[in-house]
1. How about the stretch 57-71: which of its residues are closer than 16 Å to R9 by Cα, of a type outside the set (D, E) and surrounded by fewer than 16 Cβ atoms within 10 Å (Cβ to Cβ)?
2. List the number of the failed condition for A143; all other conditions in (1) surrounded by 13 or more Cβ atoms within 10 Å (Cβ to Cβ); (2) modelled with pLDDT of 85 or more hold.
3. For the stretch 75-120, give me each residue that is of a type outside the set (S, T, Y), open to solvent by 90 Å² or more (accessible area, probe 1.4 Å) and either in a helix (DSSP H, G or I) or touching a Gly at 6+ places or on another chain (Cβ under 9 Å) (or both).
4. Taking the condition of a type in the set (V, I, T) and under 25 Å from D105 (Cα atoms), does I21 pass?
5. Right, N2: more than 21 Å from the chain's Cα centre (by Cα), polar (S, T, N, Q) and either outside any helix (DSSP H, G or I) or at positive phi (or both) or not?
Amino acid sequence: LNTHIPWKRPQSIQAFIHFGIQNNCLVSWKDHDSYKNVWLEAFRYPIAKQNAALHAEKEAAECWFRPFMNYTQKLVHAKTFSEIQKYYFLFSQEYIDNTQLSEEDNAVIARCIAVLEELINLETELHEYIPEQPYRFFAEQLAHEIYVPQTAGTAISILPFKVAAGAPFEHHFILNCSQ
């Protein structure tokens with residue numbers, strides 16, 4: 001439902017969401033040491049064939065969800081930053097209409113990809129020090145990033161941090177400088 005993400009097949013997502021509402025798909029759970037995915041459990045229960053609309057909605061939801069879950073699991077469980085990048089682009093190609101991204105959202109995604117590329121470069125140089133969970137590490141890095149959108153042309157940039165730590169001034173104004 002995030003309006004910043006232009007999905008390729010919004011009608012499939014709407015069917016998925018409606019199916020989830022109708023079947024009370026709220027949260028997954030753990031049952032005797034095994035994880036139960038609320039969606040997969042809901043798909044297990046048959047819908048009467050005579051209710052054609054609900055049956056079709058269930059099929060549409062399941063056809064959308066299973067590959068989506070597969071892509072996201074590959075992304076989240078990637079063993080390297082290079083794999084994260086590979087699976088992100090595969091996911092994006094399959095599910096996101098990048099031509100419909102706003103200029104602002106495209107810039108944010110570009111910044112995230114730049115951070116990922118920095119991690120890939122470090123991974124190449126320091127391959128023996130790859131974190132145990134690269135995706136979690138990447139997400140934590142993004143949480144610490146301060147993204148300041150850059151305007152085109154010459155302008156004054158006001159940054160939320162000091163450029164020169166030793167300077168006594170609380171704010172720094174930088175003319176004609178990119179990030």
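1. Listed by number, the residues that qualify are C63, R66, P67, M69.
2. Single failed check for A143: (1).
3. Result: K86, F89, Q93, Q100, E103, E104, E118.
4. For I21, the condition - of a type in the set (V, I, T) and under 25 Å from D105 (Cα atoms) - is not met.
5. No, not satisfied.
Residue-by-condition table, conditions (1) at pLDDT 90 or above; (2) closer than 22 Å to T3 by Cα; (3) in contact with a strand residue (DSSP E or B) (Cβ under 9 Å, 6 or more places away or on another chain):
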| position | (1), (2), (3) |
| --- | --- |
| M69 | yes, yes, no |
| S82 | yes, no, no |
| Q85 | yes, no, no |
| N121 | yes, no, no |
| F138 | yes, no, no |
| A164 | no, no, no |
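The values are calculated or read from the model by the stated rules, or taken from the named source; none is laboratory data. Fair warning: this is a prediction, and the values are worked out from it, not measured in the lab. As a convention, Cβ positions derive from the backbone with ideal geometry for all residues, glycine included, and neighbour counts pool all protein chains shown. Protein only, heavy atoms only, side chains kept; ligands, DNA and RNA dropped before computing areas. Shrake-Rupley method; radii C 1.70, N 1.55, O 1.52, S 1.80 Å.
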